[in-house]
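Novice: Sharing a structure, written as structure tokens. Questions coming.
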Amino acid sequence: MNNDQLGTKPHYQILDGLRGVAAIIVVFFHLAEPLAPSRFANLVNHGYLAVDFFFLLSGYVIGYAYDDRWGQLTIGGFLRRRFERLQPLVIVGMTFGAIGFYFTDSTIWPLIHTVPVWKLIVVMLIGYTLLPIPLSMDIRGWQEMHPLNSVGWSLFFEYVANLLYALGIRKLSNRALAGFVALAGAVLLHYAVTSPNGDVAGGWTLNAEHMRIGLTRTLFPFFAGLLLSRVSRPTRIDYAFWWCSLLVAVVLLMPRIGGTDQLWLNGLYEAFCIIVVFPLIVYIGASGVVHSPAENRICKFLGDLSYPLYMTHYVLVYFYVAWVSNHKGITLWQALPYALLTVAGAIVLAYLSLTVYDKPVRAWLRRKLQ
């Protein structure tokens, strides 16, 4: 059998659902962020850890889906499959970001109207590739490697992890992989407790500091997920989806630990969540049993929606952030109707992106790439 004839293994429905739960919390995190007086007082204080959770989920699913197939699968075949899965929504997210760019001119981005159209188009085309843009090409002013769709940075590191897996790390024995994961975990722990901000947030700028943070945040969770897929033996756990959803919400909504004089405490909390709690959640989720058709539909809907929601929601968040910046001093309760409207719009946009664009394009790509 060649790599194009490989079938698709059954999904872990609960893990799919948990990805959707985390994606929704990410949306709320990004909506709460511009209202927070500081990084110490965000209502969804650890929402950015959802990215680390996504990396761990991805490593687990990649190991489950591909680890035992390399006798029939080539590196090119693996990368084509990942391209087919990831790239269509990368392109649509960047396109939406470009379409809305000039309409977000505001007090927080006062120079947007000075950006020439040719530069916007160049940034969009580079964004299609997910290659980071240099600071000289930053057209928004937030020093992001993808200023048309902020979340693109994590997809860049997702591709890096996939490449490392395909090109060599997949060949490591379980013992060697465990050593690699332990070393990556030690690096992550060290960075978390010594971080100048007392957290692991970062990775979205093309400079040495953010590249280090991005790799640190990617290597442990992704390859810990791979190791977990190899060595764990899921059991049978009832109500796993609900317990795991609660755990994900508690971790991401937890208020800041410690203050400005004890930054390391918060870093220690975040490292503990990434190194211990997230693998535990994935293990429980993989061991879970879906008990009813309703629970199955919820997990499927959340799983289907998760990636489109993550890749398109920030396009609307830009409008929301611009509105908040133009209304200085606005309270949480005053902003709530607009935040909820943005959430509803993001879900609708994600669903349309999935059904009208992503599914047909992926089916077309599957035919063409074969």
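The values are calculated or read from the model by the stated rules, or taken from the named source; none is laboratory data. A quick note: this is a predicted structure, and the numbers were derived from the prediction, not measured. Methodologically, a virtual Cβ is constructed for each residue, glycine included, from the backbone with ideal geometry; neighbour enumeration extends over all protein chains shown.
Novice: Does ARG236 qualify as being touching a strand residue (DSSP E or B) at 6+ places or on another chain (Cβ under 9 Å) and on the phi < 0 side of the Ramachandran plot?
Specialist: Taking the combined requirement at face value, the residue satisfies it.
Novice: Here is a follow-up. Go through ARG236, ARG230, ARG170, ARG175 for me and flag whichever is closer than 27 Å to TYR12 by Cα and without any contact (Cβ under 8 Å) to a residue 12 or more places away in the chain. If you could, list the steps in order and put the result at the bottom.
Specialist: Values: ARG236 fails: without any contact (Cβ under 8 Å) to a residue 12 or more places away in the chain; ARG230 fails: without any contact (Cβ under 8 Å) to a residue 12 or more places away in the chain; ARG170 fails: without any contact (Cβ under 8 Å) to a residue 12 or more places away in the chain.
After ruling out the rest, the residue left standing is ARG175.
Novice: Still on this structure: Quick one: count up the residues across region 1-38 that are within 26 Å of ASP199 (Cα to Cα) and either in contact with a helix residue (DSSP H, G or I) (Cβ under 9 Å, 6 or more places away or on another chain) or modelled with pLDDT of 90 or more (or both).
Specialist: Residues that pass the stated criteria total 20.
Novice: Being farther than 28 Å from PRO308 by Cα and hydroxyl-bearing (Ser, Thr, Tyr) is the filter here, so list the residues in region 146-194 that pass it.
Specialist: Answer for region 146-194, where residues must be farther than 28 Å from PRO308 by Cα and hydroxyl-bearing (Ser, Thr, Tyr): SER173, TYR191, THR194.
Novice: With the condition kept exactly as written, say whether any residue in region 135-149 is in contact (Cβ under 8 Å) with a residue 60 or more places away in the chain and either assigned to a helix (DSSP H, G or I) or farther than 30 Å from ARG256 by Cβ (or both).
Specialist: Within region 135-149, one or more residues are in contact (Cβ under 8 Å) with a residue 60 or more places away in the chain and either assigned to a helix (DSSP H, G or I) or farther than 30 Å from ARG256 by Cβ (or both).
Novice: Within region 195-210, can one find any residue that is touching a helix residue (DSSP H, G or I) at 6+ places or on another chain (Cβ under 7 Å), buried (at least 20 other Cβ atoms within 10 Å of the Cβ) and part of a helix (DSSP H, G or I)?
Specialist: Checked region 195-210: no residue is touching a helix residue (DSSP H, G or I) at 6+ places or on another chain (Cβ under 7 Å), buried (at least 20 other Cβ atoms within 10 Å of the Cβ) and part of a helix (DSSP H, G or I).
Novice: A further question follows. Of LYS300, LYS328, which residue is of a type in the set (D, E, K, R) and part of a loop (DSSP other than H, G, I, E, B)? Working first, answer last.
Specialist: Numbers: LYS300 fails: part of a loop (DSSP other than H, G, I, E, B).
Exactly one of LYS300, LYS328 is of a type in the set (D, E, K, R) and part of a loop (DSSP other than H, G, I, E, B), namely LYS328.
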